[in-house]
1. Quick check: residue separation of Arg96 and Thr11 times 0.36 nm, minus the Cα distance between them. What number comes out in nm?
2. Cut-off under 19 Å on the C-alpha distance; same-chain residues fewer than 8 positions from Lys135 excluded. Which aspartates and glutamates are left, in chain and number order?
3. What does the charge count around Ser165 come to, taking other residues whose C-beta lies under 14 Å from its C-beta (Lys +1, Arg +1, Asp -1, Glu -1)?
4. Residue by residue, what Karplus-based ³J(HN,Hα) values in Hz, rounded to whole numbers, does the range 189-199 have, using 6.51, -1.76 and 1.60 with θ = phi - 60° and x for Gly and Pro?
5. Which ³J(HN,Hα) values, rounded to whole Hz and listed in residue order, are derived for the range 27-38 from phi using the Karplus coefficients 6.51, -1.76 and 1.60 in 6.51 cos²θ - 1.76 cosθ + 1.60 with θ = phi - 60°, glycine and proline given as x?
6. Cross-link candidates for Lys186: which lysines have Cα within less than 21 Å, leaving aside residues fewer than 8 places away along the same chain?
7. For helix 70-100, what angle does its Cα long axis make with the longest principal axis of the chain, in degrees from 0 to 90 and rounded to 10?
8. Roughly how tilted is helix 141-164, in degrees to the nearest 10 and between 0 and 90, from the longest Cα axis of the chain?
Amino acid sequence: MKLFSSKKEETIVLQVAHLLDLLCNSCEHLRMMLIKGTPSEEIGKMEREADEIRRSIIKILNEAFLPYLRPHIYKLVDTIDDAIDAAKDAEESFRRLIKKDVRLIENFQDDLINVAEINLKMCQTIRSYVISLLKGSKSREEVLAILILEKRIDDIKAFILDEISKLDRDFWAFKLFLDFFENLVKVSDSIEEACDVAQIISFSL
């Protein structure tokens, strides 16, 4: 069943697709940031653009879709925006960290890049799933892929937290690193939550 039939509904679908594009681009910039070791101002610009799109969707959402679907679509938009916010927070905390102590990034660079690459794969997968869903197609393959990718991030997170406890570093360097790492991981957490919301929409159709 095609989920949208009016012009406003079609506009919202296009705006959600744009939000997901911004999220994927933010994830790619995080990945390149970790490879190059330099912050990216583009992520902040994309976060501000995402906020504008979110506000635009909220303005017309009450005049589109069936009433029982609106709260779920609102939640979906919110969780995508949360993931972009987390990417922006990760960039900002990375900026603070490298000013204090770049060695922690260097110690775990390969693992952090791996997390960023998984974030990007998760984003590409949720984009395909959500756009297909909003156009009326149902598939479970993307959901399973996201769960598998999130488990890989959980494993990397456990490894890093275990290894970092063995290092001797300044307290504030540790705190800044953990702030950065939590924000990086929050991107995937928000994507997984968006997937959960999308499944609710799918079950509601």
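1. On the way: separation 85, 0.36 × 85 = 30.60 nm, distance 3.84 nm.
Extra length available between Arg96 and Thr11 comes to 26.8 nm.
2. Glu9, Glu10, Asp21, Glu63, Asp196
3. Once positives and negatives cancel, what remains is +1.
4. 4, 5, 5, 4, 5, 4, 5, 4, 5, 4, 5
5. Calculated HN-Hα couplings, in order: 5, 5, 5, 4, 4, 5, 4, 6, 5, 8, x, 10 Hz.
6. Candidates past the 8-residue exclusion: Lys45, Lys75, Lys88, Lys121, Lys151, Lys157, Lys175.
7. For helix 70-100, the angle is close to 20 degrees.
8. 20
A short reminder: the numbers here are calculations on the coordinates, not readings from a lab. Owing to the predicted nature of the structure, the values given are computational and were not obtained by experimental measurement. Virtual Cβ from ideal backbone geometry, glycine too; neighbours counted across all protein chains shown.
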